[in-house]
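The next block holds one structure in the form of structure tokens; read it before the comments.
Coordinate-derived values only; no laboratory data. Computed from a predicted structure; not experimentally measured. Here the Cβ positions follow ideal geometry from the backbone for every residue, glycine too, while neighbour counts run over all protein chains shown.
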């Protein structure tokens, strides 16, 4: 019943012009910001921690409000991805540096896209399949099965596939050996048994080492990618050049160095335009739980 109600709401909203639909999600974002003291506090705690308490209250407020809006716009684009044509979605998106991917595939190698929860990340995945290549995106199973079904259907509509995080290594290896592409989020909170400690925004933090491990062992290419916008209507997917992974006698250091390189890249884009990152989740809770105490 819950899924049918969600589809009914979707059908109604998709009957409206995009401008009105977008205004509805903008309003939801404002309501979420006003009513959710918990997540406003999480954003403040994250921002103070990441930027060493250097941001003003006005800057924190502006970035936090944008985080709520950005999250709701991701819902909006998921809904539109479920209903609009490839052409309608594709015209919103421009690709920069596709040549970096073409170069890797010309060598017969697979690609691992390293990507964050940044700006319109859902639209970014759709843009890759529409303008570059299909990807198998690794995701963490959601508690809400109704929303998960809706979400995964949207992500898969244009040809991407979804790989649940549990026992995902073997499917990723298979893709790499076939010269295909996968996508791994590198900015999620992970437990102490996963990843390696790197320096992120000047702080020690645990980050997934899976891209570096797979790239080193199976000669795949780590390609950082993110999406941004100037007007929230037209988006640019920026593909970075390959992050090289050394293959010396010191495997542990090779993996750590390549993972640190990914963290350095992500730190740079966040410091340049912090409003686009997803500040309203507890990214640092396992390594720095003290920042969420108040």
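Cα centroid separation, region 180-208 to region 126-156: 20 Å.
Using Cα pairs closer than 8 Å and at least 6 residues apart in sequence, work out the relative contact order for the chain, in percent.
24
Which of the peptides 155-167, 210-222 is most tightly packed, and how do the rest follow, judged by the mean count of other Cβ atoms within 10 Å per residue? The partial results should precede the final answer.
On the way: 155-167: 15.2, 210-222: 22.3.
Top to bottom by mean Cβ count within 10 Å: 210-222, 155-167.
Antiparallel beta bridges, as assigned by DSSP with both residues in region 2-280, represent about 40 percent of the total such bridges. Using a Gaussian network for the chain with springs between C-alpha atoms less than 10 Å apart, which of these wobbles most: 250, 189, 70? Highest fluctuation among the options: 250.
The separation of region 222-257 from region 74-104, counted between C-alpha centres, amounts to 18 Å. Across region 257-281, the residues whose backbone nitrogen lies under 11 Å from the label position 7 Å along the beta-carbon direction of residue 228 are 268-277.
Determine the gain in length on full extension of the stretch residue 286-residue 86; use 0.36 nm per residue of separation and subtract their C-alpha separation, reporting nm with one decimal.
Working: separation 200, 0.36 × 200 = 72.00 nm, distance 3.97 nm.
Stretched out fully, the residue 286 to residue 86 stretch lengthens by 68.0 nm.
For the options 107, 178, 262, a Gaussian network treatment of the chain with springs between C-alpha atoms closer than 10 Å singles out 107 as fluctuating the most. Comparing 224, 116, 171 in a Gaussian network model of the chain, where Cα atoms under 10 Å apart are tied by springs, the biggest mean-square fluctuation is seen for 171. Our helix-only sum for the chain, with -39,500 (n - 2.57) per DSSP H run of n ≥ 4 divided by its residues, gives a mean residue ellipticity at 222 nm of -16000 deg cm²/dmol. Stretched out straight at 0.36 nm per residue, the stretch from residue 236 to residue 34 would grow longer than its current Cα-Cα span by 69.7 nm.
Once you keep just the Cα pairs under 8 angstrom separated by 6 or more residues, what percentage relative contact order results for region 125-242? List each step's numbers first, then the result.
Values: 138 pairs, mean separation 21.6, N = 118.
Reported as a whole number, the value is 18 percent.
As a footprinting exposure proxy, order 294, 187 by other Cβ within 10 Å, with the fewest listed first.
Values: 294 7, 187 22.
Sorted ascending by nearby Cβ count, the order is 294, 187.
Here the spin labels are modelled as points 7 Å beyond Cα on the Cα-Cβ line, and at residue 161 and residue 194 they lie 2.1 nm apart.
Could you order peptides 230-243, 264-277, 13-26 by the average number of other Cβ atoms within 10 Å of their residues, highest first? Mind showing how you got there, number by number?
Numbers: 230-243: 15.4, 264-277: 17.1, 13-26: 13.4.
Ranked by mean Cβ neighbours within 10 Å, highest first: 264-277, 230-243, 13-26.
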